[in-house]
Structure formats: C-alpha cells, structure tokens
1. Could you pull out every one of the aspartates and glutamates with an alpha carbon less than 19 Å from that of residue 184, ignoring same-chain neighbours closer than 8 positions?
2. Which value, in debye to the nearest 20, gives the size of the charge dipole of segment 97-150 about its Cα centre, when Lys and Arg are +1 and Asp and Glu are -1 at the Cβ?
3. Past 31 Å, Cα to Cα: identify those pairs from 70/151; 93/224; 125/174; 151/253; 70/157; 87/241, in the order given.
4. In what sequence do 267, 238, 120 fall when counting other Cβ within 10 Å, fewest first?
5. Return 144, 151 ranked ascending by Cβ neighbour count within 10 Å, so the fewest neighbours appear first.
Amino acid sequence: MAQQDTRRFLKAATALVAGLVLAACGKQEPPPAPAETASAPASAPAPAPAKVYTVGTDAAYAPFEFQNEKGEIVGLSVDLLNAVAEKGGFQVKFVNTPWEGIFNALGQGDRDLLISSITITDERKQTMDFSDPYFDAFQLIAVKESSKISKFDDLKKLKVGVQTGTTGDEVVTKLQGKTATTIKRFESTPLALKELEAGGVDAVVADNGVVIHYVANNPGAKFKTVSDKAFAPEQYGIAVKKGNTELLGMINKGLAAVKADGTYAAIYKKTFGTEPPAAAAPAASAASN
Ligand code: ARG
C-alpha cells in the first residue's frame, strides 16, 4: 500500500518536473486553440452518458419481433426502431416483455416505449400515446387445409384461438359475445397456432403478417389462410407513456426520416422480400371517392 503510494507520488512528481522543464525551455506544445480550451480537460469526469430508452416488445411475433437462435431480439421492429433512434438522436435497449403485461409496464415506467406490432386503437389512445403509423395490417384467419371455413362469420360457434388482449381477441369477442366459452385465449400467437395444429381449436385469428409467416414456415402444420373484407384496416404504432411528448417527438422525427430516405423500404424488403406497398393515404383516397 505505502509502497504504491510512494510510487504514485514519484510518478506525479516526475511528470510535474518534466512539465516544468519543458515549459522553462519553451518547448511545450503551443496552447490549445480557444475552442479546445472550452472543452473539458482529459482528466475531468466524462459527461453523463446519454439516456438509453428501454423498449418493451413481446418477441414471439415473427417476422416483426422474435428471438433468433442466439436469443437476440430481431425482426422488422428492431431494425426499424434502431434506424429511427439513430435518426431521431436517441439510444434504445430492447427488453423482451410479455404481451399481457406490456401496457402496464409502459404505464408504470418500467419501459419507456413499446414497439410490438401494436395496433393503434381509440381505446389504447386513452392510456398511451402513439407515434405516426409505420405498418398497415389486418386480421387473417388460419385454418387447417381441409377446413370448410370460408369467412369470418363461419367462426360464430366454433372454437377459435387468439392471443389474449390483441385486436384478434377483440374481433372474435365481438363476433361470439363476451361470455363465449369457445374463445381460447393464449399467451402468444404461436401458442394459439400450435393448438390449431393439435386440433384443439378450429381456427386462429391474428395479424396477417404473423399468420402468413407461420403458415409459410410450418408446411408440416398444413394450414391455409382465409381473409375476410369484414376486418377493419389496422395500423401499427410505437407507444410511449401518455404525455411523453419529448420522446414521441424524437420518434416521429426519426420515423419521418427513415421513411423519406429509403431506410424503411430497405427494412421492409429485407423482412418480406418485396417492396413495401405504396404509402397508404386512407384519408385522401376516401375524400376523392
Ligand atoms: N396488432 C395486434 C394488437 O395490437 C397484435 C399485436 C401482438 N404483438 C405481439 N408482439 N405479440 O393487438
């Protein structure tokens, strides 16, 4: 201990003497330019690191948010938010968060924002704020290849699997009634689809992108999809705690930038292999009809 202190003292003293000698000889570096003088000397404590925003996502929703073989959270949502954060000038860290607790986690401040293929709905808007929409979606029915189901109404009395608290749950609850015992609610959409494969339900209703991805990647399940015009169009948004206008502003700024500079289109193409559909402008097209 004492020896170390001595050594440290000697080191410092040597440096000091060397500095004085150099100064006396007029050989020191020229004084830094005024601009540099203003910045903190190397020995000062580093500035506080920028805040890293915690992102909640239910990573069981390929191809939007899911875990790869290494357990990393990946998918369109991750690529998109990383790009948005870069353009918006903030930092993010993803935390896998079960869907059922995801909105509470935001409300309680355990997560700063959510990107989880969340449909913007009027009901949700009462308890959280949403970014501008970043993805168009709709509900899609998955059934066995041999099924006779051809439209949503056919599901009225059948056993239907949904992910609890999703818009799929909402539409099926509306069709069958709140007290229906034939709605089977699951913690995740893949679990509902597994149950369809096992024959425990007659159909699953969930977001089109996830259903299509699952059917394409699980040919052994022998599923087909059934679409129905009765389903209302949905749009995904990034959610922040109600009133967090500062973060929302940075998100929307980043989102606009990635949409404008082709980054969004590149991420879409990486995920789906096709160009994104032409920017939907529902309000404008409705007005022109
Ligand atoms: N879009 C649907 C909704 O907002 C389902 C989203 C589920 N997302 C997820 N990562 N599990 O209700």
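1. Cα-Cα hits under 19 Å: 100, 153, 154, 169, 170, 195, 197, 202, 207.
2. For this selection, approximately 300 debye.
3. Details: 70/151 39 Å; 93/224 36 Å; 125/174 20 Å; 151/253 40 Å; 70/157 42 Å; 87/241 21 Å.
Check vs 31 Å cut-off fails for 70/151; 93/224; 151/253; 70/157.
4. Numbers: 267 21, 238 27, 120 18.
Ranked by crowding around the Cβ, least crowded first: 120, 267, 238.
5. Ranking 144, 151 by Cβ neighbours within 10 Å, fewest first, gives 151, 144.
Only the coordinates and a few stated rules stand behind these numbers; no lab work does. Note that the coordinates shown come from a computational prediction; the quantities given were computed from them, not determined experimentally. Note that we place each Cβ from the backbone using ideal geometry, even for glycine, and neighbour counts take in every protein chain shown.
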